[in-house]
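**Student:** Dumping the structure here so I can ask a few things about it.
The values are calculated or read from the model by the stated rules, or taken from the named source; none is laboratory data. Computed from a prediction, not measured in an experiment: that's the story for all the values here. Cβ placement follows ideal geometry from the backbone for every residue including glycine, while neighbour counts extend to all protein chains displayed.
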Amino acid sequence: MLTEYLVAEGYAVESVGSGAGVPDRVASGDYALIILDVMLPGMNGLDLLRSIRSLSQVPVLMLTARGEIVDRVVGLRLGADDYLAKPFAPQELAARLAAVLRRVSTGLNVGRSILESGDIYLDVRSRLAKRAGKPVDLTSVEFDLLRVFLSHAGHVVTREVLQREVLEREYTPFDRSIDTHVSNLRKKLGPSNSGSERIRAIRGTGYVYGAASNGRE
């Protein structure tokens, strides 16, 4: 059903019924995005996501059962870019796919192309992130979170703003996706050179990136 709908929407789609061979396809194929169901025969979707992330940062949208909040949290922690709970309308899936692909292809209509703060370097147009001169593998969400943080370094960015700018949907108190993505980003960046936390949580509000940034066109 999803294949038929997405093909009608103009996507080129390759569908598989299990996780067998998927990591090899990801490593050798040229995929813009992967829709991954948690409930798969053999290797489950979360294990498959772990294998995919060891090979590639290709955007992944997880499909989860309506009541399985744990699956959603674990999926985000493993590097999923977004999730959608079943049952869902195909139109909602198409909107989520478009948002993810828009982030990757346009960089969210970036103003400054180079952002730097301390040992962190971000080239928004080429979507390259470096720490101390070494590349850092970030998912599409993690990259755009870092872009927003560096653009507003030293200032509090609310969860509402992060959700709207990065995930392109309105924030709800029960959707903690942003917090999980921020946690993943923190782990990948590690502490600052001084040993302090790069991204600090502001209770009940949002987050602040601790150092001032500068940018150039």
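**Student:** Does residue 216 count as modelled with pLDDT under 90 and basic (Lys, Arg)?
**Tutor:** Here the answer is yes, as residue 216 does meet what is asked.
**Student:** From the list 60, 110, 70, 16, pick out the single residue that is among the β-branched types (Val, Ile, Thr) and modelled with pLDDT of 90 or more.
**Tutor:** From the options 60, 110, 70, 16, the qualifying one is 60.
**Student:** Here is a follow-up. Among the candidates 129, 98, single out the residue that is at pLDDT 85 or above, crowded, with 16+ Cβ neighbours inside 10 Å, out of contact with any Lys or Arg (no Cβ under 7 Å at 6 or more places or on another chain) and not acidic (Asp, Glu).
**Tutor:** Testing whether each residue is at pLDDT 85 or above, crowded, with 16+ Cβ neighbours inside 10 Å, out of contact with any Lys or Arg (no Cβ under 7 Å at 6 or more places or on another chain) and not acidic (Asp, Glu) leaves just 129.
**Student:** Among the residues that make up region 81-93, is at least one of them touching a Pro at 6+ places or on another chain (Cβ under 6 Å), part of a loop (DSSP other than H, G, I, E, B) and either on the phi > 0 side of the Ramachandran plot or not aromatic (Phe, Trp, Tyr) (or both)?
**Tutor:** yes
**Student:** Continuing with the same structure: Considering each residue of region 1-50, count those that are of a type in the set (Asp, Glu) and in a helix (DSSP H, G or I), and give that number.
**Tutor:** Looking only at that region, the number is 3.
**Student:** Could you list, in sequence order, all residues of region 186-205 that are touching a residue at least 12 places away in the same chain (Cβ under 8 Å), among the basic types (Lys, Arg) and not in a loop (DSSP other than H, G, I, E, B)?
**Tutor:** 186, 188
**Student:** Additional query: With the condition kept exactly as written, say whether any residue in region 166-185 is part of a strand (DSSP E or B) and crowded, with 16+ Cβ neighbours inside 10 Å.
**Tutor:** Scanning region 166-185, I find no residue that is part of a strand (DSSP E or B) and crowded, with 16+ Cβ neighbours inside 10 Å, so the answer is no.
**Student:** Right, next: Does region 161-176 include one or more residues that are aliphatic (A, V, I, L, M) and over 19 Å from residue 78 (Cβ atoms)?
**Tutor:** yes
**Student:** May I ask you to list the residues in region 132-147 that are surrounded by fewer than 19 Cβ atoms within 10 Å (Cβ to Cβ) and not in a strand (DSSP E or B)?
**Tutor:** Those that are surrounded by fewer than 19 Cβ atoms within 10 Å (Cβ to Cβ) and not in a strand (DSSP E or B): 132, 133, 137.
**Student:** So residue 157 ticks every box in (1) among the β-branched types (Val, Ile, Thr); (2) assigned to a helix (DSSP H, G or I); (3) crowded, with 17+ Cβ neighbours inside 10 Å but one. Which box is left unticked?
**Tutor:** (2)
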